[in-house]
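Please treat every number below as a calculation from the coordinates, not as lab data. Nothing here was measured: the structure is a model prediction, and the numbers come from that model. Neighbour counts are summed over all protein chains in view; Cβ atoms, including those assigned to glycine, are modelled from backbone coordinates with ideal geometry.
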Amino acid sequence: MKKSTLHLLVLGLATVIIASSCNKDKSSEGNQTYRVISETEHYDTTQTFAANYTYSNNKISKAVMVSGEENGEIIFSYPNENSITASYNIGDLTIPVEFTLEDGLITEFFMEDTQKQNYIYNSDKNIQSYTSFSFSDGIWEMDETTVFTYTDGKLVKTVTSSYGIETDMTVYSYEGDNISEVITSYLDQDGLWVDYDKSVLTYTAGKVSNIVLSYYYISDWFEDSQISFSYDKNGNLTKRSQVFSYYEGSYVTDYVYEAGSGNYGQIFGFIDYEIHDPRPNKKSAGHKGNPSIYPDFSAVSMIKSALRTR
């Protein structure tokens, strides 16, 4: 289900901190930890996006993004252990947001008179459901709810409902503890789930090295693109490359690190893709598909969308 840019912005900011508020960047070798200080995205040789991150007391205090001639930034503050505030600035637009935490987990995101999301967790502190609301004519109206199902601690299914009607379902298959295949379906007018999107993951030395994305058309699967991942000797994700089957060119994102602790993984999740897609500071991409550790939305993607549509 497609969303407007503003809805995407709000959704992303609302869900970026599903991970524990005390979660540190975990790319490490031995006792050394590393934190992301920049990322750059190119389409072929053209830079399409860049971001730089500033840390204070081992927490991100500012993220500055550039896309074309547009600049955007998010300023973060941490009033107490149960609150994170941020100011999202792009052009002449400034949007304040608030996050409420309980036991280190986000329970509510709030954007005044615009959007809010509520989160419920199970006893294992894995997200059980989240519900988004929009503000209209002086009242809060429910937009979407996503419910997460687990078996033996592994995420096996998510179901999204819009305005009370089920719309999308994603099913996760495993080899051992690693996600091997992900299939997403939509509910048709006859009440049947119809597959339309598939990801097949390949691992090297316990890390995701390749994902093949396919779409279903008429009666068969057709490859859409492939994503490859590269890591440095410390286990940090350094490059994400996506090559498409139906046109020339590729999207490449490079990540740069420095020694130190941080909360990039907490604030930005793992960029703007899927739960099973490796991100910086995720040591075991695809492992158990735990969305309390691997959120699938991020402020970065929302800023990219906002910048690109201005």
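For the reader, a short list of remarks on this structure follows.
- Between the amide H of Asp197 and those of Thr184, Tyr216, distances stay under 5 Å, these residues lying 5 or more places away or on another chain, with hydrogens modeled in the peptide plane.
- Backbone HN-Hα couplings from phi across segment 243-250 [Karplus 6.51/-1.76/1.60, Hz, Gly and Pro as x]: 10, 9, 7, 9, 7, 6, x, 8
- Across Lys62/Lys207; Lys125/Lys233; Lys154/Lys207; Lys59/Lys239; Lys198/Lys239; Lys157/Lys239, pairs whose alpha-carbon gap is larger than 27 Å: Lys62/Lys207; Lys125/Lys233; Lys157/Lys239
- With a Förster radius of 25 Å applied to the beta-carbon distance between Tyr186 and Asp137, the computed FRET efficiency rounds to 0.25.
- Amide proton proximity set for Phe49, modelled H, under 5 Å, gap of 5+: Glu41
- Whether segment 103-154 is rounded, prolate or oblate, judged on the alpha carbon gyration tensor where a/c under 1.5 counts as rounded: oblate
- Spin-label model distance (nm) - Val194 vs Ser38, 7 Å beyond Cα toward Cβ: 4.7 nm
- Table column - 3J(HN,Hα) (Hz), segment 214-227, Karplus curve with 6.51, -1.76, 1.60, x for Gly and Pro: 10, 10, 9, 9, 6, 9, 8, 8, 10, 5, 9, 6, 10, 10
- Per-residue HN-Hα couplings for segment 115-124 [Karplus 6.51, -1.76, 1.60; θ = phi - 60°; Hz; x = Gly/Pro]: 7, 8, 9, 10, 10, 10, 10, 8, 5, 8
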